[in-house]
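Structure record follows, encoded as structure tokens.
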Amino acid sequence: MSGPVVVLRGNSDVTSDLFVAACERLDLPVLDVDLRVDRCSVEVTRRGASVRINAKTVEPSVVFNRTGINGLGLSSADGLARQRSTSWRNRHTEGREEQGVMLAVFEAWQTSGVRLLNNPRATDLTLMPNAVGDRVRLAGGRCQPTPQRPGDVSVLICGGVGIKANGDAGGDHLELARLVADAAQFDFGCVRISGRDRLTATGWSPIPLLEEWDEPELLALAIVSQACGIDVDAIHPPSARYFVSDLGI
């Protein structure tokens, strides 16, 4: 890897802690960036745009975006909570300013070829489920956003690969999860699927909480391994693998 793994968080976040610990276990250079205390900016020169974190240029190879930054104009709840102003009006103004800077940071990273897991556009699309559903149906899948029900299967996706599923999941579940991930424009996330009659996507999230799954430490290790191109077999015995074979494919 040419640069560090950046774990970008907006608040206290157990999943971010798991990713940082996984990087350390894999001996990967990792930079834990917390927007509550760390400051990001973009410097534009004749050679292009570069990202600076706490006044130091950072050129990561992979970025895990664990923030609620979006392109819809309104700051997320955790974004507002980070701001220092006590008035509602100023807090919203500061939140929008922070979002503008962070969108420029993400754009600079993507333009330079950095792999970004959790594109802010995926956060935008969580607020437009009908648009995502239309894209899934045009691609040949079924999608009907509804509250999660008993028996629904959850599939974790990372870079198009099924990392883990709960319940009785197989290749058809993974294919539908990939359709939803593509329609919702996320590289890493969780898709819920109902198996009644025909498989139907019932919900999705580009920022899943790993602590809600069994063995979250091993799960974070598998996700970081996949994102960074590391062979998971070199880390785990076959009984602890979390990749496609776990989905019965």
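The values are calculated or read from the model by the stated rules, or taken from the named source; none is laboratory data. Every value quoted in this text rests on a predicted model; they were computed, and no experiment measured them. Note: ideal-geometry Cβ built from the backbone for every residue, glycine included; neighbour counts use all protein chains shown.
Only residues that are in a loop (DSSP other than H, G, I, E, B), touching a residue at least 12 places away in the same chain (Cβ under 8 Å) and either surrounded by fewer than 15 Cβ atoms within 10 Å (Cβ to Cβ) or of a type in the set (S, T, N, Q) (or both) were counted in segment 8-18, giving 1. Sub-8 Å Cβ pairs linking a first residue in segment 220-234 that is part of a helix (DSSP H, G or I) to a second residue that is of a type in the set (S, T, N, Q) and modelled with pLDDT under 90, at least 6 apart or interchain, are V232/S225; V232/Q226, ordered by first then second residue. Listed by first and then second residue, the pairs with beta-carbon distance under 7 Å, at least 6 apart or on different chains, first residue in segment 195-211 and within 18 Å of L179 (Cβ to Cβ), second small (G, A, S) and buried (at least 21 other Cβ atoms within 10 Å of the Cβ), are A201/G141; W204/A184; W204/G189; S205/G189; P206/A122; P206/A184; P206/G189; P208/G189. Residue count for segment 197-218 satisfying the condition of being closer than 25 Å to G140 by Cβ and either modelled with pLDDT of 85 or more or β-branched (V, I, T) (or both): 10.
Would you point out the residue of segment 19-41, among those that are among the acidic types (D, E) and within 18 Å of A104 (Cα to Cα), that is surrounded by the most Cβ atoms within 10 Å (Cβ to Cβ)?
Per the stated criteria, the residue is D34.
Condition check for R192 on (1) surrounded by fewer than 16 Cβ atoms within 10 Å (Cβ to Cβ); (2) charged (D, E, K, R); (3) modelled with pLDDT of 90 or more: one failure, at (1).
Filtered by the rule that a residue be in contact with a Gly (Cβ under 7 Å, 6 or more places away or on another chain) and either closer than 22 Å to T67 by Cα or among the aliphatic types (A, V, I, L, M) (or both), segment 157-179 gives I157, A169, L174, L176, A177, L179.
The set of residues in segment 208-227 being of a type in the set (A, V, I, L, M), closer than 11 Å to V14 by Cβ and out of contact with any Pro (no Cβ under 8 Å at 6 or more places or on another chain) consists of L209, A220.
One residue stands out among those in segment 147-180 that are buried (at least 16 other Cβ atoms within 10 Å of the Cβ) and among the small types (G, A, S): the one that is modelled with the highest pLDDT, which is A177. Scanning segment 50-79 for residues that are surrounded by fewer than 18 Cβ atoms within 10 Å (Cβ to Cβ) and out of contact with any Asp or Glu (no Cβ under 7 Å at 6 or more places or on another chain) yields A55, K56, T57, E59, G73, L74, A77. Applying a threshold of 6 Å to beta carbon distances and a minimum spacing of six or more residues, or different chains, the list of pairs starting in segment 110-123 at a residue that is free of Cβ contacts under 8 Å to residues at least 40 places away in the same chain and ending at one that is part of a strand (DSSP E or B) and not aromatic (F, W, Y) reads Q110/L116.
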